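Before any comments, here is the structure.
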Amino acid sequence: QVQLVESGGGLVQPGGSLSLSCAASGSGFTFYTMGWYRQAPGKQRELVARISSDYNTRYADSVKGRFTISRDNAKSTVYLQMNSLKPEDTAVYYCNANLVGLGYWGQGTQVTVSS
C-alpha cells in the first residue's frame, strides 16, 4: 500500500512558476513509476509527465520544455517544476504511483493560472 500526498498548488499569473511535490509513504518507492496527471473541469484526466524507476521521463506535448519531473528516492518524493505557466494549465494535479498494474493516486492539488 502506498499513500501519496501532494503539495505546492496555488494561484499564479500567466508566465509564472510553481513547484509541486508528492510525498509517498509505504515501501518500494524506488521501484514505482511516478507520474503527474491533471484534470481540468469538464475534461478527462490526462498524463502530464512521468518518471520511471530508472529515471526515464516522458512528457505531454503540451508541457514539453516548460515542465520538469524529478524524483528523490531518499525522500520518497516526486516533484514537478512548472515554468511559463499558461491559463490552459489550470487543473487539479494528481500524483500517481504505478508498479506492474498496481496504481495509487493522491488527493490532488489545485493549480490555477490567471491574471
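Please calculate how many Å² of accessible area segment 14-115 carries per residue, with a 1.4 Å probe and no DNA, RNA or ligand atoms counted.
Working: 5250 Å² over 102 residues.
For segment 14-115, the per-residue accessible area is 51 Å².
Normalising the Debye intensity of segment 1-59 to I(0), with uniform scatterers on Cα atoms only, and taking log10 at q = 0.20 Å⁻¹ returns -0.97.
Below 11 angstrom from the Cβ of residue 94, what's the summed charge of the other residues (Lys, Arg +1; Asp, Glu -1)? Before the final figure, lay out the partial values.
Details: positive: 38, 45; negative: 6, 46.
Around residue 94, the surrounding residues sum to 0.
Segment 54-98 to segment 30-45: how many Å between their Cα centroids? Measuring centre to centre over Cα atoms gives 9 Å.
Translational diffusion coefficient, Stokes-Einstein: compute it for segment 37-115 using the Kirkwood radius over C-alpha pairs as Rh, at 4 °C and 1.567 mPa s, and state it as an integer in µm² s⁻¹. Write out the running numbers ahead of the final one.
Working: Rh = 13.4 Å.
Approximately 97 µm²/s, per Stokes-Einstein.
For residue 64, a cut-off of 13 angstrom between C-alpha atoms picks up these aspartates and glutamates, skipping any fewer than 8 places away in its own chain: 89. Annotation for segment 28-115: chymotrypsin sites (Phe, Trp or Tyr not before Pro) lying in DSSP loop with at most 13 further Cβ atoms inside 10 Å of their Cβ are 55.
The values are calculated or read from the model by the stated rules, or taken from the named source; none is laboratory data. Note that the structure is a prediction, hence the values are computed from the model and not measured. Cβ: placed from backbone, ideal geometry, glycine included. Neighbour counts: every protein chain shown. Accessible surface is based on the protein model in full, side chains and every heavy atom, while ligands, DNA and RNA are left aside. Shrake-Rupley method; radii C 1.70, N 1.55, O 1.52, S 1.80 Å.
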